[in-house]
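For reference, the structure discussed in these notes is given below.
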Amino acid sequence: MNAPVSASRFGSGRSVRRVEDPALVQGLGQFTDDLNPEGQCFLRFVRSSTAHGRIVSIDTAAARALPGVLGVWTGADLVAAGVKAAPVPPAFPRPDGKPMAGPPRPPLAVDTVRFVGEPVVAIAAESREAARAAADAVAIEYDELPAVAGLVAATRPGAPLVWPEAGDNVSAELRHGDAAAAAKAFEGAAHRVSLEIVNQRLAPSPMEPRSVLASFAEGRLTLRLSSQMPTGVRDGLVEFLPGLTPEKVRVLVGDVGGGFGMKTGIYAEDIVVGFAAMQLGRPVKWQAERVEEFLAAVHGRDVTSKAELALDASGRVLALRVHSLAGVGAYPSVVGVAIQVLIGPWVSTSIYDIPTIDLRFTAVMTHTAPTGAYRGAGRPEAIYLIERLMDAAAREMKLDPAELRRRNMIRPAQLPYTSPMAQVYDSGQFEKVLDQCLALADWNGFAARRAASAARGRLRGRGIATFLEWTGGNALEENVQVSVAADGFIELTSATQAMGQGIATSYVQLAHDVFGVPLERIRVLQGDTDRANGFGSAGSRSLFTGGAAVKVAAERTVEQGKELAANALEAPVADIEYSAGRFSVAGTDLGIGLFELAARQNGARIVVSGEARAAAPTWPNGCHVCEVEIDPATGAVEVVAYASVNDIGRVVSPTIVRGQVEGGAVQGIGQALCERVVYDEQGQLLSASFMDYALPHADGFLGFKTEFDESSPCLTNSLGAKGVGELGTIGATPATVNAVIDALDHAGLGRAAERVQMPLTGEMVWRALQGRFDSPFALETW
């Protein structure tokens, strides 16, 4: 069964040009830094140069005396003005039963700094150059304290403490499953595999760094910024800045040059920019430099795990056991901790029927930048573990890795299926998706391709990942307002947020399904807390919540329009029909256009709201197969083939979802092959620019084969859609790493190939080929 496709060539299920693109490709986009209001001044931060230390003194006299300087603020100044620090809510327990631990986070450091890059002083000046000069003139004396940057090192007795009140560096810990039952399963297992696995720390690296512009007039603060969650930023400003209420704050978001989870919630810098605007009474702008993003924006991943799988003689998995240390940086947040101790574990058994689990996730504080949401947020880490284990088990049992996965897949007859983490999967045909992907990737023809690579002096490997993910359960409800105006345009207002993912195109197509007017007559308004408030966009939720609300609101608008048309045409409502922008009386030539009808209403518009609520999260799933070639002389890895079949339920915008899956896959491959945030033992960041932090290049890919299976629509929302924004990232990392390990295994390393850790750079792979698994700045394992 395929999902419905609109009869119109522009409706849902059809490929159309993105409605967002014309303005962007013509240079007409409006990003925060494009706005330069009259009287604008510029903010710059002086950041900590040490990972841990007491602030002995801050001398700002020379900075204040420089020309063009308008204001200089320290953490003490903000405290005196009533600016609050962000507390650590008791959201999760520690191993000792006490509440989640961590230091409160002031917008500017007070008394103590806890990571390199933490803001200490803020300076406002007439120009960026003047602000920079003043920042250089600030003198800060620190009493440097011991620091710890590594997760394993942070858990050792006597390690330097991030928050001494906790007594150790554990912020929180959760255990899931039945440890005794798992131990029994392992004792009786015919096969056991165990791996030490590192999901290295990553920098999200959106094309547009963070940017904030604040103004304060007539007692009201307006903040423009690049964000995924305008309402969350508004509420944060109200919470931390004195004298504000929601009515006194407006947050505006224009075009966003990528978010990837990094731009969710409020940052310390956002608060300080708002405070400075309130103090100066004029617009204040801060544009992050790239080095500041590496230093102080949230990072992702950073998990070190011991993972084990127990199997019977036939290859059926009996139990999964995992202990992970998850880095949450110097200032743990509820989101950062939840991602690792709760959200990731929700998908730990993936699409496999695994009866018993024993999971322990420990959130560990270190003297490093905080971690938070990054595309996938916990799910990539968990899926990477189980997919690495599946390949290791197949190698141990000398089974085809696809066959081992097949033997353990949840069958359609088992749905709805309740996992050991008490999560309910509503739909999915996992074996069918596997079979389609094996055919797409020409799985059985691999031996010939490997031989051809060998003839050219290259090592070829093949990797597979079959998996699912959880999306949207962080907020299941959304509201959309439809406004039909006399000027011939339909406006959709939503609290979800565009950030480059193309959500406006999907909304327009869904509205077109109902209204039947040209796409260019439908506009989407997002990013204005005076117009709409809600959760925002994260967790791949926008389409199946916001899109469902678009459908409801559009249909309600047509129904209200029929009542208005009946009055205008002096006919019974039951006789009114609607098609392609026109209401008519059945069986007659009497009619009135939608926009003409709007012109007759008060305010010359028809305004209707629609709400939609999903009953539960969605569970998109897929199968990804990657093939790589390795140059044995250098260790360089090239992705030479990539095929995927993805179940995201109903596909509304084929062009959009293909871009999401393939773009996400590139980010997942980036983690596998080249990306890594590196701190030295003293907490100094060694990868603070793109000279030291490698991103994947577009010329490193030979193209994707990407298909979608729509035969299992989601049963928990009215669209039948499942989230898609993070799916490609989640599958690509294990598929790529498994391919490299397969190549190394075939080259003679055998099971030793499983010791490699990401990123699989040329150096890492070359060393492995020499039988050496050490490397500079070696990844920390137990």
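Among the residues making up region 438-469, a single one is of a type in the set (Asp, Glu) and open to solvent by 10 Å² or more (accessible area, probe 1.4 Å): 442.
Tell me, please, whether a residue that is surrounded by fewer than 24 Cβ atoms within 10 Å (Cβ to Cβ), in contact (Cβ under 8 Å) with a residue 40 or more places away in the chain and farther than 30 Å from residue 43 by Cβ can be found in region 200-218. Taking every residue of region 200-218 in turn, at least one turns out to be surrounded by fewer than 24 Cβ atoms within 10 Å (Cβ to Cβ), in contact (Cβ under 8 Å) with a residue 40 or more places away in the chain and farther than 30 Å from residue 43 by Cβ. Do you know which residues across region 443-488 are without any contact (Cβ under 8 Å) to a residue 60 or more places away in the chain and either under 30 Å from residue 592 (Cβ atoms) or in contact with a strand residue (DSSP E or B) (Cβ under 9 Å, 6 or more places away or on another chain) (or both)? 451, 452, 454, 456, listed by residue number.
Considering only region 369-413, state which residues are of a type in the set (Gly, Ala, Ser) and closer than 25 Å to residue 304 by Cβ. Can you show your working first?
Kept after step one, since they are of a type in the set (Gly, Ala, Ser), are these residues of region 369-413: 369, 372-373, 376-378, 382, 392-394, 402, 413.
Residues satisfying the conditions are 369, 372, 373, 376, 377, 378, 382, 392, 393, 394.
For every residue, the table says whether it meets (1) among the hydroxyl-bearing types (Ser, Thr, Tyr); (2) at pLDDT below 95; (3) touching an Asp or Glu at 6+ places or on another chain (Cβ under 9 Å); (4) over 17 Å from residue 636 (Cβ atoms).
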{"position": "730", "(1), (2), (3), (4)": "no, no, yes, yes"}
{"position": "747", "(1), (2), (3), (4)": "no, no, no, no"}
{"position": "760", "(1), (2), (3), (4)": "no, no, no, no"}
{"position": "774", "(1), (2), (3), (4)": "no, yes, no, yes"}
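Checked against (1) at pLDDT 95 or above; (2) in contact with an Asp or Glu (Cβ under 9 Å, 6 or more places away or on another chain), residue 781 passes all but a single condition, namely (1). Residue 371 satisfies every condition listed in (1) open to solvent by 10 Å² or more (accessible area, probe 1.4 Å); (2) within 26 Å of the chain's Cα centre (by Cα); (3) not aromatic (Phe, Trp, Tyr) except (1). Taking region 39-64 as the range and being in a loop (DSSP other than H, G, I, E, B) and either free of Cβ contacts under 8 Å to residues at least 12 places away in the same chain or on the phi > 0 side of the Ramachandran plot (or both) as the test, only 39 passes. Under 30 Å from residue 498 (Cα atoms) and buried (at least 19 other Cβ atoms within 10 Å of the Cβ), is that true of residue 20? Answer is yes for this residue. Could you please find all residues in region 681-703 being under 16 Å from residue 200 (Cβ atoms) and not in a loop (DSSP other than H, G, I, E, B)? If the condition is that a residue be under 16 Å from residue 200 (Cβ atoms) and not in a loop (DSSP other than H, G, I, E, B), then 685 is the only one that fits.
Inside region 643-680, residues that are out of contact with any His (no Cβ under 8 Å at 6 or more places or on another chain) and either over 23 Å from residue 720 (Cβ atoms) or in a helix (DSSP H, G or I) (or both) make up a count of 25. Would you pick out the residues in region 622-645 that are closer than 17 Å to residue 444 by Cβ and open to solvent by 20 Å² or more (accessible area, probe 1.4 Å)? Correct list: 641 only. Restricting the first member to region 155-176 and to residues that are touching a residue at least 12 places away in the same chain (Cβ under 8 Å) and among the charged types (D, E, K, R), and the second to residues that are open to solvent by 40 Å² or more (accessible area, probe 1.4 Å) and in a loop (DSSP other than H, G, I, E, B), the beta-carbon pairs closer than 8 Å and six or more apart or on different chains are 168/155; 168/161; 173/95.
The combined condition, being modelled with pLDDT of 95 or more, under 27 Å from the mean Cα position of the chain (by Cα) and not acidic (Asp, Glu), is fulfilled by residue 107.
When each of 89, 95 is tested for being surrounded by fewer than 16 Cβ atoms within 10 Å (Cβ to Cβ), assigned to a loop (DSSP other than H, G, I, E, B) and modelled with pLDDT under 95, the lone residue that passes is 89.
All conditions in (1) of a type outside the set (D, E, K, R); (2) open to solvent by 20 Å² or more (accessible area, probe 1.4 Å); (3) touching a residue at least 40 places away in the same chain (Cβ under 8 Å) hold for residue 748, with the sole exception of (3). Within region 689-717, the set of residues being under 14 Å from residue 621 (Cα atoms) and either without any contact (Cβ under 8 Å) to a residue 40 or more places away in the chain or not small (Gly, Ala, Ser) (or both) comprises 706, 707, 708, 709, 710, 713, 714. Within region 100-109, the set of residues being touching a residue at least 40 places away in the same chain (Cβ under 8 Å) and part of a loop (DSSP other than H, G, I, E, B) comprises 100, 101, 102, 103, 106, 107, 108, 109.
Mind checking whether some residue in region 144-151 is under 24 Å from residue 284 (Cβ atoms), in contact (Cβ under 8 Å) with a residue 24 or more places away in the chain and either assigned to a strand (DSSP E or B) or out of contact with any strand residue (DSSP E or B) (no Cβ under 7 Å at 6 or more places or on another chain) (or both)? No.
Among the residues of region 391-421, which ones are more than 20 Å from residue 741 (Cβ to Cβ), open to solvent by 30 Å² or more (accessible area, probe 1.4 Å) and among the aliphatic types (A, V, I, L, M)? Of everything in region 391-421, those that are more than 20 Å from residue 741 (Cβ to Cβ), open to solvent by 30 Å² or more (accessible area, probe 1.4 Å) and among the aliphatic types (A, V, I, L, M) turn out to be 413, 415.
Listed by position, the strands (runs of 3 or more DSSP E) inside region 508-600 whose residues that are open to solvent by 40 Å² or more (accessible area, probe 1.4 Å) and touching a residue at least 24 places away in the same chain (Cβ under 8 Å) number at least 1 are 522-525, 576-579. Within region 224-241, the set of residues being out of contact with any Ser or Thr (no Cβ under 8 Å at 6 or more places or on another chain) and either under 19 Å from residue 38 (Cβ atoms) or open to solvent by 10 Å² or more (accessible area, probe 1.4 Å) (or both) comprises 235, 239, 240.
Pick from 163, 73: which is of a type in the set (Phe, Trp, Tyr), surrounded by 20 or more Cβ atoms within 10 Å (Cβ to Cβ) and farther than 14 Å from residue 331 by Cβ?
Values: 163 fails: farther than 14 Å from residue 331 by Cβ.
When all the criteria are applied, what remains is 73.
Here residue 689 fulfils each of the conditions (1) in contact with an Asp or Glu (Cβ under 8 Å, 6 or more places away or on another chain); (2) surrounded by fewer than 20 Cβ atoms within 10 Å (Cβ to Cβ) apart from (1).
The values are calculated or read from the model by the stated rules, or taken from the named source; none is laboratory data. Please read these numbers as outputs of a predicted model, since none were measured by experiment. Note: ideal-geometry Cβ built from the backbone for every residue, glycine included; neighbour counts use all protein chains shown. Accessible surface is based on the protein model in full, side chains and every heavy atom, while ligands, DNA and RNA are left aside. Shrake-Rupley method; radii C 1.70, N 1.55, O 1.52, S 1.80 Å.
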